[in-house]
Amino acid sequence: MRALAIVDGEHYPDVVREALAQLPYEFVGVMLIGGTEKLRDGEPDYGVPVVEEPGDAEIVVDLSDEPVLTPELRLALAARFLALGLPYVGADFRFDPPTFHPYDVPSIAVIGTGKRIGKTAVAGHIARLLARDRSVVIVAMGRGGPAEPELVSSPPSIEELVALSRSGRHAASDHLEAAALAGVPAVGCRRAGGGMAGAPFASNVLEGARLAVSLDPDVVVFDGSGAAIPPIATTARVLIAHDLSGLNAYRALISNVVLRMGEDFSLRLRPTEPLAGRVAVFTTGAAPVDHLDADVVHVSRNLARRDLLREELARVEADTYLVELKAAAIDVVAEHALSRGARVVLADNEVVAPGFDERVLALLATEVPA
């Protein structure tokens, strides 16, 4: 296997030459990344060319070490080569680029550097934008998704979500949120585990992607899960980032658009129905509520904390419960509200991002299917 070696000037060249001869690779070059202590004047002789790019290498072998390569710099190098599709290996580690399966339908994946940073809201925003003149399907993967890919072709009602919850299902999965709020068909998938570069350990997303194709859409929007990336070779990717250190740099390198919460976009709670009477608001994050045209008597940020949430609910008296469709929205908040004869209204997270729509439209073919 043809390989590129990462070397530094803290090693004598003859030590590196001997290591290159012993390792089971055909080295086509070395990349000298720093350090001069053990280098004499002139270009060091490593027995292979000193290069700046990997060329036709099939793998990158790291023969460097501290102090030239700190852990942070090593991960930055790994991100660079993973984005080129090259494995990056060292004495006691190996990073392989995630596998992305070919996909013939125009598609956009919304991925992230973590949980609860706005991926599903952005995916829904993109779906609604494209659905103005295209047929769109969302494929969402999550840690609470269904065992078999599930198509939700119309928005579920609160009553249907409650019934789903009572049957033992997670009634706030991302595909249910997408179907309820984005107004397009949604396919739900599950995944377990996530590697440092974003590969899920196990998932049924490929099967979900095939189910989406069977609907003959013009565009498929994939909604990532946490920092895990849908294993599909989409036409484009949008990264929602809060941190670009480590292998998050890889996520940025394989994305066409990078958005940072608070810098490039914000979220604004939008009730899906008019609010009436005393209103209690339940969210997972810090979305502002002062814009709501309502008599807000309680605001909870503990939708993902069932213990704290139940303590709060015991003290809440409201006529309308406005809730994000996440975490304990159905099995705790909706059940509590309905037991008291109160209304439950779902809250969408409206994406406020000047210029973002134009960037999204530019990612796909400008010609709209007839």
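The values are calculated or read from the model by the stated rules, or taken from the named source; none is laboratory data. Being a predicted model, the structure only gives us computed values, none of them experimental. Please note: Cβ atoms are built from the backbone with ideal geometry, for glycine as well, and neighbour counts cover all protein chains shown. Protein only, heavy atoms only, side chains kept; ligands, DNA and RNA dropped before computing areas. Shrake-Rupley method; radii C 1.70, N 1.55, O 1.52, S 1.80 Å.
Might you report the magnitude of the Cβ-based charge dipole of the chain about its Cα centre, with Lys and Arg at +1 and Asp and Glu at -1, to the nearest 20 debye?
Details: 34 positive and 51 negative charges, 266 e Å.
With Lys and Arg at +1 and Asp and Glu at -1, about 1280 debye.
Going from the alpha-carbon gyration tensor of the chain, what semi-axes, largest first and in whole Å, does one get by taking the root of 5 times each eigenvalue? Spell out each step's value before the answer.
Numbers: eigenvalues 449, 98, 64 Å².
Here the semi-axes work out to 47, 22, 18 Å.
Compute the FRET efficiency between Arg132 and Asp45 as 1/(1 + (r/R0)^6), taking r as their Cβ-Cβ distance and R0 = 51 Å, and round to the nearest 0.05.
Calculated transfer efficiency: 0.25.
Along the charge dipole of the chain, which of Val333, Ala180, Ser107 sits closest to the positive end, that is, farthest toward it, with unit charges on the beta carbon of Lys, Arg, Asp and Glu (+1, +1, -1, -1)?
Val333
Which whole-percent values make up P(r) of the stretch 81-173 when all C-alpha to C-alpha distances are grouped in 10 Å steps starting at zero?
The calculated distribution, bin by bin, is 11, 31, 33, 16, 7, 1.
What list of ³J(HN,Hα) values in whole Hz, one per residue of the stretch 290-302 in order, does the Karplus curve 6.51 cos²θ - 1.76 cosθ + 1.60 (θ = phi - 60°) give from phi, with Gly and Pro shown as x?
Rounded to whole hertz, the list is 5, 7, 5, 8, 6, 8, 7, 9, 7, 10, 10, 9, 9.
Considering only DSSP beta bridges whose two residues both sit in the stretch 1-149, what percent are antiparallel, to the nearest 5?
Numbers: 2 of 15 bridges.
The antiparallel proportion sits near 15 percent.
Let's see if you can work this out: charge +1 on each Lys and Arg Cβ, -1 on each Asp and Glu Cβ, no other charges. What is the dipole magnitude of the stretch 137-270 about its Cα centre, in debye to the nearest 20? Write down the numbers at each step before the final one.
On the way: 11 positive and 13 negative charges, 62 e Å.
The dipole of the stretch 137-270 has a size of about 300 debye.
Identify all lysines with a Cα-Cα distance to Lys326 below 23 Å; exclude those on the same chain that are fewer than 8 residues away in sequence.
Qualifying lysines at Cα under 23 Å: Lys115, Lys119.
Could you bin all the Cα-Cα distances of the stretch 187-310 into 10 Å bins starting at 0 and give me the percent of pairs in each, rounded to whole numbers?
Computed distribution, short to long bins: 10, 29, 31, 24, 6.
When DSSP assigns beta bridges and you keep just the ones with both residues in the chain, what percent turn out antiparallel, to the nearest 5?
Details: 14 of 66 bridges.
Just about 20 percent of them are antiparallel.
Solvent-accessible area per residue for the stretch 158-217 at a 1.4 Å probe radius, Å²? Working shown, then result.
Values: 2600 Å² over 60 residues.
Accessible area per residue, the stretch 158-217: 43 Å².
Efficiency by 1/(1 + (r/R0)^6): what FRET value for Ala202 and Ala252, r their Cβ-Cβ distance, R0 = 25 Å, to the nearest 0.05? Mind dumping the intermediate values first?
Values: r = 25 Å, r/R0 = 1.02.
Efficiency, from the Cβ-Cβ distance: 0.45.
Probe radius 1.4 Å, ligands and nucleic acids ignored: give me the carbon and sulfur share of the accessible area of the chain as a rounded percent. Don't skip to the end; give the middle numbers.
On the way: 8350 of 16850 Å².
Here carbon and sulfur together make up 50 percent of the probe-accessible area.
Exactly which GluC sites (Glu not before Pro) in the stretch 1-84 are in a DSSP loop and have at most 10 other Cβ atoms within 10 Å?
Numbers: sites: Glu10, Glu18, Glu26, Glu37, Glu52, Glu58, Glu72; in loops: Glu10, Glu37, Glu52, Glu58.
Passing sites in the stretch 1-84 are Glu52.
Pairs of alpha-carbon atoms within less than 8 angstrom and 6+ residues apart define the contacts here; what relative contact order does the chain have, in percent?
Values: 799 pairs, mean separation 60.5, N = 370.
The normalised contact order for the chain reaches 16 percent.
Per-residue HN-Hα couplings for the stretch 334-348, Karplus 6.51 cos²θ - 1.76 cosθ + 1.60 at θ = phi - 60°, whole Hz, x for Gly and Pro?
Values, residue by residue: 4, 4, 4, 5, 5, 5, 9, x, 8, 7, 10, 10, 7, 10, 8 Hz.
Give me the three principal axis extents of the stretch 19-90 from the C-alpha atoms, as integers in angstrom, largest value leading.
35, 27, 22
Top to bottom by accessible area (1.4 Å), largest first, where do Ser165, Ser300 land?
So, going from the largest accessible area down, we get Ser165, Ser300.
Using helices alone, I'd like the mean residue ellipticity at 222 nm for the chain: each DSSP H run of four-plus residues gives -39500 (n - 2.57), total over residue count, nearest 500. If you can, show how the numbers build up before the last one.
Numbers: 10 runs with 88 residues, N = 370.
Dividing the helical sum by the residues of the chain leaves -6500 deg cm²/dmol.
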